[in-house]
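One structure is given below, encoded as structure tokens.
Derivation of every value follows stated rules applied to the coordinates shown; laboratory data play no part. Note that the structure is a prediction, hence the values are computed from the model and not measured. Glycine gets a Cβ as well: all are built from the backbone with ideal geometry, and neighbour counts include every protein chain shown.
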2 protein chains.
Amino acid sequence: MADAVLFEFLHMEMVAELCAHDPDPGPGGQNTNLSVLESMGFRVGQALGERLPREMLAFREELDVLKFLCKDLWLAAFQKQMDSLRTNHQGTYVLHDHSFPLLLPMAAGLQYLEEAPKFLAFTCGLLRGALCTLGIESVVTASVAALPGCKFQVVIRNA
Amino acid sequence: MADAVLFEFLHMEMVAELCAHDPDPGPGGQNTNLSVLESMGFRVGQALGERLPREMLAFREELDVLKFLCKDLWLAAFQKQMDSLRTNHQGTYVLHDHSFPLLLPMAAGLQYLEEAPKFLAFTCGLLRGALCTLGIESVVTASVAALPGCKFQVVIRNA
């Protein structure tokens, strides 16, 4: 049995369930589902962040915290590390995963691109929640150029 | 980072989210939430079951399948084995977990007993789904006598 997939299966069901309530949303309908997913991710991210040993993160630079998420958080959640991390050194970070596990079950056709946001909202919240617990306020968005790759953009507030 | 807890955190959020829609349900309201959770568990259990190596399960007895769930499925999902498995040898099995991980975050007071079913519905579905993939139709219910312990009763259909 593969325990790592349990989270992925549950995530998939959760997306399906939340979006099934409102299969043909009016204006703002889809956004409501995404914001519910995002806030669930946020609280899970916060809870994960609270389990970190405090001393590991004391006095760290912002960039170190981001590196930590790309390595340890990603390993814990997705059994892989983030593929790349870039920054403009002004509080904006772009985290690029060439093959994001929660997008892998989707076929790689361009026609599915519009389905991608609902598979990314939870993880945006996860990153924002973990950063919040580590004392960093942020805005996290995601974009997909070529499935199953995606980029998460983290903009630090008041950076 | 503890990756095992990711599933547990997500499960907790999912229960909270589904039950938040209907905090004071009328007749049948609570049951709707529970049946949504149960069917999410069912599909996750089915998906997990499909990942099992076929040859492991060929020609097995029903009891062997139940033992397999108590050991391997439980380990995969909860990082522990079921504490005991009893049967009347007529198609009814009682699986007893003395300290069920999804109930652990709840305080152990008797006043919380009525909250327990919503933390058990997903797992009832998980068992039923895994059994279904393995060719066994069943009805799975759960009961709590003393938190955080609980018993899952599996009744095989047409046994």
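May I ask for the net charge around B:Glu62, where only other residues with Cβ less than 13 Å from the Cβ of B:Glu62 are counted and Lys, Arg are +1 while Asp, Glu are -1?
Taking every other residue near B:Glu62 into account, the sum is 0.
At B:Arg157, label 7 Å along Cα→Cβ: distances to the other copies, nm, ascending?
Here the equivalent label points are 5.1 nm apart from this one.
Given a Förster distance of 45 Å, report the FRET efficiency between B:Lys71 and A:Leu63 from their Cβ-Cβ distance, rounded to the nearest 0.05.
Using R0 = 45 Å, I get an efficiency of 0.50.
With 28 Å as the limit, write out which pairs from A:Lys151/B:Lys71; A:Lys67/B:Lys80; B:Lys67/B:Lys118; A:Lys67/A:Lys118; A:Lys118/B:Lys118 have Cα-Cα distances beyond it, or answer none.
From the list (A:Lys151/B:Lys71; A:Lys67/B:Lys80; B:Lys67/B:Lys118; A:Lys67/A:Lys118; A:Lys118/B:Lys118), the Cα-Cα distance tops 28 Å for A:Lys151/B:Lys71; A:Lys67/B:Lys80.
Of all alpha-carbon pairs in segment B:45-159, indicate the percentage at a distance above 16 angstrom.
58
Once label points are set 7 Å from the Cα along Cα→Cβ at both B:Arg157 and A:Ser35, what is their separation, rounded to one decimal in nm?
Using points 7 Å along Cα→Cβ, the separation is 4.2 nm.
Label A:Glu137 and B:Ala16 with points 7 Å out from Cα along Cα→Cβ: what is the distance between them in nm?
Spacing of the two 7 Å Cα→Cβ label points: 2.1 nm.
Relative to the other copies, what are the label-point distances for A:Met106, with labels 7 Å from Cα along the C-beta vector, expressed in nm at one decimal and sorted shortest first?
In ascending order, 3.6 nm.
Can you give the relative contact order of segment B:98-147 as a percent, counting alpha carbon pairs under 8 Å and 6+ residues apart?
The normalised contact order for segment B:98-147 reaches 46 percent.
Can you list, shortest first and in nm, the gaps between the label point of B:His89 and those of its counterparts in the other copies, using a point 7 Å from Cα in the C-beta direction?
The answer, with the shortest distance listed first, is 7.7 nm.
Quick one: Karplus J couplings for segment B:87-101, per residue in order, coefficients 6.51, -1.76, 1.60, θ = phi - 60°, nearest Hz, x for Gly and Pro?
The phi angles translate into 9, 8, 6, 10, x, 10, 10, 10, 9, 10, 10, 5, 8, 6, x Hz.
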